[in-house]
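Chemist: Submitted below is the structure of interest, expressed as structure tokens.
The values are calculated or read from the model by the stated rules, or taken from the named source; none is laboratory data. Here the structure is a predicted model, which means the values were calculated and not measured. Using ideal geometry, Cβ is built from the backbone for each residue, glycine included, and neighbour counts are taken over all protein chains shown. Each accessible area value is taken on the protein alone, full model and side chains, heavy atoms only, with ligands, DNA and RNA left out. Shrake-Rupley method; radii C 1.70, N 1.55, O 1.52, S 1.80 Å.
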Amino acid sequence: GDGKIVFGFNWQSHKYISAYEGYDRIIGFVNLGFLPFIEAGLRISYPYKLTNHAIGDRMPFIRIRLIEQTDYLPSLVLGAHDFIGVFGGTDAINFNSLYLVSSRNGLIKSNIFSTDVTLGYGVDWFKAAYHQFVGFFGGIKSTVFNNYSFILEYDSERINLGTEIILFKNLKVLIGLMDVKEFQGGLSYSIQL
């Protein structure tokens, strides 16, 4: 949303990271919705216990909503992640993605339950060391009482499961299983400016 800032961190197993193989990753991020249809942010991925790594891998991203959801149409968003290599050129681009994604929030909705559906397609048109979300991807998120969600997704490479709990309206706890095997998790906090 416009004027909403979200910041937090995640933990990711080394088994599903192409760059810095063998190291789990701590991921810090900040997202800002600074117009009603644009979200931008920065993610920093730091290889846990890698001693000779400086600030971490920096990944800028931007998402532009092309079509807003209506009663009859889903939303359509164009997104780009890690699209520039500031230091190290294209060899330093480890999380590149360029995609179109369509979402329908509240596809199934009642007073205590709602289901959101997302379907997207990504390409590897940018030169980069590694790409993400190449091909079809998507997910389903079912929410109960507006604060507990179950998530099933396909990220173009594997199926992942997750659960999300919202505490005190702004604190989100995410716990998941990457490839339905490895623990992933994180915390985020949102502020409306």
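Chemist: So, in the range 122-137, exactly how many residues are buried (at least 16 other Cβ atoms within 10 Å of the Cβ) and either among the small types (Gly, Ala, Ser) or part of a strand (DSSP E or B) (or both)? Step through it out loud before you land on a result.
Modeler: Initial filter on the range 122-137 (buried (at least 16 other Cβ atoms within 10 Å of the Cβ)): 122, 126, 128-129, 131-134, 137.
Going one step further and asking which of them are either among the small types (Gly, Ala, Ser) or part of a strand (DSSP E or B) (or both), we end up with 122, 128-129, 131, 137.
Summing the residues that are buried (at least 16 other Cβ atoms within 10 Å of the Cβ) and either among the small types (Gly, Ala, Ser) or part of a strand (DSSP E or B) (or both) in the range 122-137 gives 5.
Chemist: Take ARG58 and decide whether it is assigned to a strand (DSSP E or B), at pLDDT below 90, among the basic types (Lys, Arg) and open to solvent by less than 50 Å² (accessible area, probe 1.4 Å).
Modeler: Values: assigned to a strand (DSSP E or B): yes; at pLDDT below 90: yes; among the basic types (Lys, Arg): yes; open to solvent by less than 50 Å² (accessible area, probe 1.4 Å): no.
In short, no.
Chemist: Do any residues in the range 73-84 that are aromatic (Phe, Trp, Tyr) have Cβ atoms under 9 Å from those of residues that are not in a strand (DSSP E or B), where the two are at least six apart or on different chains, and which pairs are they?
Modeler: PHE83/ILE93; PHE83/PHE126; PHE83/ALA128
Chemist: Under 9 Å between Cβ atoms, which residue pairs at least 6 apart in sequence (or on different chains) link something in the range 95-113 that is closer than 26 Å to MET59 by Cβ with a partner that is modelled with pLDDT of 95 or more and open to solvent by 90 Å² or more (accessible area, probe 1.4 Å)?
Modeler: TYR99/TYR121; LEU100/LEU66; LEU100/TYR121; VAL101/LEU119; VAL101/TYR121; SER102/LEU119; SER103/LEU119
Chemist: Tell me which residues, restricted to the range 167-183, are farther than 17 Å from PHE7 by Cα and either open to solvent by less than 70 Å² (accessible area, probe 1.4 Å) or within 17 Å of the chain's Cα centre (by Cα) (or both).
Modeler: Start the filter on the range 167-183 by keeping residues that are farther than 17 Å from PHE7 by Cα, which leaves 176-183.
Scanning the range 167-183 gives GLY176, LEU177, MET178, ASP179, GLU182, PHE183.
Chemist: Right, another one. Can you tell me which residue is modelled with the lowest pLDDT among those in the range 81-121 that are small (Gly, Ala, Ser) and within 16 Å of GLY138 (Cα to Cα)?
Modeler: Within the range 81-121, the subset small (Gly, Ala, Ser) is 85, 88-89, 92, 97, 102-103, 106, 110, 114, 120.
If we keep only those that are within 16 Å of GLY138 (Cα to Cα) too, we end up with 97, 102-103, 106, 120.
Values: SER97: 84, SER102: 97, SER103: 96, GLY106: 91, GLY120: 97.
Result: SER97.
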